[in-house]
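To keep things clear, I will list the structure first and then write my remarks on it.
The values are calculated or read from the model by the stated rules, or taken from the named source; none is laboratory data. On a predicted model such as this, the values are computed, not experimentally measured, just so you know. Glycine gets a Cβ as well: all are built from the backbone with ideal geometry, and neighbour counts include every protein chain shown.
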Amino acid sequence: MNNDIILLGYGSGGTLSHRLLDELIIPTLSGVAEREQNDSAILAHGGGRLAFTTDGYVVDPIFFSGGNIGDLAINGTVNDLAMVGAKPLAVAVAFILEEGLALAEFRKILEAMRAAADLAGVRIVTGDTKVVPRGKGDKIFITTSGIGVFAHALEISGGGAQVGDKILINGPVGDHGLAVLAGREGLELETDIRSDSAPLNHLVGALLDEFGDAVHVLRDPTRGGVATTLKEIARQSQVGIRLDETALPINPAVAGACALLGLDPLYVANEGKLLALVAPEAADALLEQMRRHPQGQGAALIGEVTAGPPGQVQLHTSIGGRRAIEMLAGEQLPRIC
Amino acid sequence: MAMERRSIRIEGIVQGVGFRPFVYQLARRCGLTGWVRNDSRGVLIEAQGEKESLARFLDGLRDEHPPLAAISRFEVSALPPIAENGFSILASDATQEKTAQIAPDTHVCADCLRELFDPADRRYLYPFINCTNCGPRYTIVTAIPYDRPNTTMVDFPLCPDCLEEYRDPTSRRFHAQPNACPVCGPRLALVDRDGQAIAGDPLAEAVARLKRGGILAVKGLGGYHLAADADNGAAVAELRRRKARDEKPFALMIRDLAAARELAEFDETERRLLAGPERPIVLLRARPDHGLSPLIAPRNRYLGLMLPYTPLHHLLLRDFPALVMTSANLSDEPIAFEDGEARSRLGGIADAFLVHNRAIHTRADDSIARVMAGRPLMLRRSRGYVPRAVFLPVAQASVLAVGAELKNTVCLTQGDRAYLSQHIGDLKNLEVHESFVRTIKHLKKLFEVDPQIVAHDLHPDYDSSRYAETLPGVRRIAVQHHHAHLASCMAEQGLTGEVLGLIFDGIGYGADGHIWGGEFLAGGYGGYRRLGHFHYVPMPGGDAATREPARMALSYLHQAFGAELPPLPVVKAIPAGERTILLKMIERGINAPLTSSCGRLFDAVAALVGLRDKVSYEGQAALELEMAIEPDEGEYPFDLEDGEGGLIFDPAPLVRALVGEILAGVAVGRVSARFHNSLALMMAAVARRLREATGLNRVVLSGGVFQNLYLVERGTRLLQAEGFEVFTHSLVPPNDGGLALGQAVVAGFRVGEGS
Ligand SMILES: [Fe+3]
Ligand SMILES: [Mg+2]
Ligand SMILES: [Zn+2]
Ligand SMILES: [Zn+2]
């Protein structure tokens, strides 16, 4: 980190974000250099385990097609708990409101949070509200924290991938990131693209009840998209990953918009998607089960874990080539001469 | 007469090129005693005789050495005479440091060719004939010293006849490591897509299939070619169809210079380049009446021609005046070089495979060159040239430079020598990346260097930059892309000190986080100052704007006209909904990084004049714009003003004038000429202003745009008319294929300065 100020790229979820965490935040806060790169922390408590997580939401615009900052804040935290296999129990919420935010908008956000919590079956139990002067914030920032419990003894983490595992995704990629971008910039796309923001805990619960330890890794490909998330898993598990471009589900409208905007859908954020790395013998049945669930109708098998170079993610392209998938430093930058 | 004795140490390319037999014979002719032997630094000689004879011997060593030898160091010292009889060749000594250089792969020599076609010779029609003066080198070497066990010829034990030649100091094949004959050497085979041998004589059957319009994969020196009969329009069309995504011009291998004259025009410099031992593909002006299929080089006024360079090529070309011989690869993949890999990757394109059982250790694509301003200019420096050293103006610490992202090459330095690798390609492709890693390892081994300084580009997402990040315990030095281009040209031209640099390029990551590529620099190896640049414009969609020049056209139109776009075909071709979004991206900077790229201005103009709104390979739009030029002396206005970023070239007036002419129906060729003329004029105007500011009078032209013959020649003329000394590339490509050399010298200089 040669620059002595925070750059926007430090929040991109790419290599700059990782460096901020590994070189400054974690060593300073906990003195531990190696971090548990999972969506939630797992705490031992009274002979059992608790999952604990927190997330900040600063999305612009606060209302977009398919959702708003409120349901996003609930779903995000619920999903972070679900991705370690926990059952979400309760959520805490903190609001930072900018002077001037319309009460009607705030109410709409609160209602969306309540509805999302109901859908996920989780209670919002405590919170805090602060107001900052006009210009010192951007309408509304929300932080949610969540606590979850375990109904089983499974160890699900980004480090659990095994060679041969199949990689499943519960539906098409890129919808959320594009819906937000289109909303923010007022882009009139041919087809309305809606955020996929959704709670995944019921889907995860169903999969774990039925398949238990066949599920090795669960991860939601949010910021940085499927590419960044798979790269993290490959590194954490010290395995290779093969991803098949043609198998990756993507809505035609999203594919078209990505092509027009010059964005690689593999790096676009999702808010209702999970990647499941599962034992190969259970993969077909798991996929079937996923597809029967409302949050998994577009599920697909998109790749597998290989003995390839540890940490390497290979994309097998539609024209038969192999490309290395890397984490980006920050934004997608031109590289073709 | 008094006897004297000398020790003579010779370094350079002196092994495996017939040097010791030459020394032996020369010594005997001069009546000297003593010995010669190879060691790991080169050749060491002790010679004794009369003073006169020794002098003749030394002159002969320097002036009459074998054609493939290249002497980089020559040291003579006196020794006391000893009692001795005769002159002998001693066994190699490999205990010292290993700096002896490996020669590049070289065209089959005249003596071998004569034997190849002599029915009385034991190698009559043998496709793998070679000697110390010719044949495979770099592509078959696995380790040093250069001895047969350290080549892929290790699999072929010499037969008694070959062994005798190998041991005979008077033979042209004395210690010829790849020496082979039909009894003991590699063999040809013709196989189908499953690797099953096809019945009959492989060569005759291959020729018959080509004659029938078939497409063959042919294993050569550094990889596979796809071959088709150039005179067979249907075969050419079929090859185009099977390589569907690829619109790159096909190279042609022609039987001889006479056959070449039927297809293209060339002068003496071009003839020498074409017929030289390196055998590059030379871009030559196509004769209008060449009569070949237009699908060979669509929208191109040039043909890429090369002469046969292996004995196998000579045998094949007996039956054809010209064969299409295009690199056997799919779009961005590297050229195929392993047999199983070639069959699996090319199975959908080739009908059959003409192969042999001599393994290729290192992949090497054909080199590509053209003649510019009366001397050769390398566009791709690869087979035939690599690993010949580029000599640096100043010796430096050993550096590994990892190059750019596309057209990648790497560079290792050792003292005052820089070894620029063969063309590696687009690193995003994993096969290419693997070949990149292998090449670095191989070069380190061949030259026995393990540089602790690694130079890389500033771009955070280049695969090569990432690779540099993973190397443990080395000192990493990031070099700005266009500074590296500047240094690359300076290094090959032997310049030191400070110069002005006009770096006109595709794109490179800039120190300010924007995407540079039309840069006015001053500086040298130690550093640079950005004194100005092309006006920034948005690249809507990032890389998509490079793949689709229509986007850059829109960006430049928006800059020149605002929201009211002129009714050009390129504008109307974009559906209204998309156009609105693209304009919004441009206006609001949505995934639209700012660029000062000159290459993107070329793309925009190519799209504006209606030549091309999408490209299928890098540089296609700019190339076609150059090809379209019709003679014209006109120019367009442009602004050159001092702004915040220094001297800013603003092409908006140029774009407005050019659009006016297109709408008025002026021919594309004249518009293109006037566009080029304007840029040449701008180059001179910029250089004048920079000279006023800096007092510097030497101008270096580098960057991918300077592959453009018209712009280089016209720009150079205008600059020279203003009294500038102009330096352009020759040995090393001006495009990103030459970048690693620049990175290496910049890093070497910085370390030398102790900064
Ligand atoms: Fe470049
Ligand atoms: Mg999170
Ligand atoms: Zn020869
Ligand atoms: Zn033999």
Pick out, from the stretch B:1-73, the strands (runs of 3 or more DSSP E) lying fully within it that include 3 or more residues that are touching a residue at least 60 places away in the same chain (Cβ under 8 Å) and of a type outside the set (A, V, I, L, M).
-> B:4-13
Select from the stretch B:730-755 the residues that are closer than 13 Å to B:A418 by Cβ and buried (at least 24 other Cβ atoms within 10 Å of the Cβ) and list them in ascending order.
-> B:V732, B:G738, B:L739, B:A740, B:L741, B:G742, B:Q743, B:A744, B:V745, B:V746, B:A747, B:G748
Are there any pairs, at least 6 apart or on different chains, whose C-beta atoms fall under 7 Å, with the first in the stretch B:532-552 and under 22 Å from B:M682 (Cα atoms) and the second among the acidic types (D, E) and in a helix (DSSP H, G or I), and if so, which?
-> B:M552/B:D603
Filtering helices (runs of 4 or more DSSP H) wholly in the stretch A:198-300 for at least 1 residues that are farther than 26 Å from A:G11 by Cα gives A:201-211, A:252-261, A:280-292
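Let's see how each residue does on (1) more than 28 Å from B:S382 (Cβ to Cβ); (2) part of a loop (DSSP other than H, G, I, E, B); (3) not assigned by TED's automatic domain parsing to the domain that holds B:A336:
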site: B:L210; (1), (2), (3): no, no, no
site: B:H225; (1), (2), (3): no, no, no
site: B:D231; (1), (2), (3): no, yes, no
site: B:A237; (1), (2), (3): yes, no, no
Could you check, for the stretch B:117-129, whether at least one of its residues is surrounded by fewer than 14 Cβ atoms within 10 Å (Cβ to Cβ), modelled with pLDDT of 90 or more, away from ligand 1 (no atom under 16 Å from the Cβ) and not in a loop (DSSP other than H, G, I, E, B)?
-> no
Answer yes or no: is there a residue in the stretch B:525-545 that is acidic (D, E) and over 28 Å from B:Q620 (Cβ atoms).
-> no
Which residue out of B:L521, B:L554, B:L583 is modelled with pLDDT of 95 or more, closer than 25 Å to B:P637 by Cα and within 14 Å of chain A (Cβ to nearest Cβ)?
-> B:L554
Which of the residues spanning the stretch B:492-532 are hydrophobic (A, V, I, L, M, F, W, C) and either assigned to a strand (DSSP E or B) or touching a strand residue (DSSP E or B) at 6+ places or on another chain (Cβ under 6 Å) (or both)?
-> B:V499, B:L500, B:L502, B:I503, B:F504, B:I507, B:I515, B:W516, B:F520, B:L521, B:A522, B:L531
Do any helices (runs of 4 or more DSSP H) lying entirely in the stretch B:637-755 carry at least 1 residues that are within 28 Å of the chain's Cα centre (by Cα), and which ones are they?
-> B:668-694, B:709-721, B:739-753
Matching residues, the stretch A:231-247, being of a type in the set (K, R) and touching a strand residue (DSSP E or B) at 6+ places or on another chain (Cβ under 8 Å) = A:K231, A:R242
Kindly check whether there is at least one residue in the stretch A:60-79 that is closer than 20 Å to A:S12 by Cβ, part of a strand (DSSP E or B) and either away from ligand 2 (no atom under 11 Å from the Cβ) or away from chain B (no Cβ under 14 Å) (or both).
-> yes
For the stretch B:324-434, which fully contained strands (runs of 3 or more DSSP E) count at least 1 residues that are within 16 Å of ligand 4 (Cβ to nearest atom)?
-> B:352-356
In the stretch A:80-115, how many are in contact (Cβ under 8 Å) with a residue 40 or more places away in the chain and either within 16 Å of ligand 1 (Cβ to nearest atom) or in a helix (DSSP H, G or I) (or both)?
-> 11
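For every residue, the table says whether it meets (1) more than 16 Å from ligand 4 (Cβ to nearest atom); (2) of a type in the set (A, V, I, L, M, F, W, C); (3) closer than 21 Å to B:I629 by Cα; (4) touching a Phe, Trp or Tyr at 6+ places or on another chain (Cβ under 9 Å).
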position	(1), (2), (3), (4)
B:R689	yes, no, no, yes
B:A693	yes, yes, no, no
B:G704	yes, no, yes, yes
B:F727	yes, yes, no, no
Report, by residue number, each residue of the stretch A:305-314 that is closer than 27 Å to B:N329 by Cα, in a strand (DSSP E or B) and more than 9 Å from chain B (Cβ to nearest Cβ).
-> A:T306, A:V313
Output the number of residues of the stretch B:69-90 satisfying the condition of being under 27 Å from B:I102 (Cβ atoms) and among the charged types (D, E, K, R).
-> 2
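For (1) under 17 Å from the mean Cα position of the chain (by Cα); (2) more than 28 Å from B:F117 (Cβ to Cβ), each residue gets a yes or a no:
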{"position": "B:P280", "(1), (2)": "yes, no"}
{"position": "B:L284", "(1), (2)": "yes, no"}
{"position": "B:R287", "(1), (2)": "no, yes"}
{"position": "B:L292", "(1), (2)": "no, no"}
{"position": "B:P308", "(1), (2)": "no, no"}
{"position": "B:L312", "(1), (2)": "no, no"}
{"position": "B:A322", "(1), (2)": "no, no"}
{"position": "B:E341", "(1), (2)": "no, yes"}
{"position": "B:I349", "(1), (2)": "no, yes"}
Unique residue being away from every other protein chain (no Cβ under 14 Å) and buried (at least 22 other Cβ atoms within 10 Å of the Cβ) when the list is A:A206, A:A198 = A:A198
Test: residue in the stretch B:41-64 that is over 18 Å from B:S77 (Cβ atoms), out of contact with any His (no Cβ under 6 Å at 6 or more places or on another chain) and surrounded by 20 or more Cβ atoms within 10 Å (Cβ to Cβ) | no
State which residue pairs qualify: first residue within 14 Å of another protein chain (Cβ to nearest Cβ) and farther than 22 Å from A:R323 by Cα and inside the stretch B:457-483, second residue assigned to a helix (DSSP H, G or I) and not hydrophobic (A, V, I, L, M, F, W, C) in any location, beta carbons under 7 Å apart, and separation of 6 or more residues or different chains.
-> B:I477/B:R750
Among the candidates B:S672, B:S616, which residue alone is under 30 Å from B:L379 (Cα atoms) and surrounded by fewer than 16 Cβ atoms within 10 Å (Cβ to Cβ)?
-> B:S616
Filtered residues of the stretch B:533-551 (kept if away from chain A (no Cβ under 13 Å) and not in a strand (DSSP E or B)) = B:H535, B:Y536
Read through the list (1) in a helix (DSSP H, G or I); (2) within 16 Å of ligand 4 (Cβ to nearest atom); (3) in contact with a helix residue (DSSP H, G or I) (Cβ under 9 Å, 6 or more places away or on another chain), then give the number of the only condition that B:A180 fails.
-> (1)
Regarding B:Y302, is this residue of a type in the set (F, W, Y) and closer than 19 Å to B:V108 by Cα?
-> no
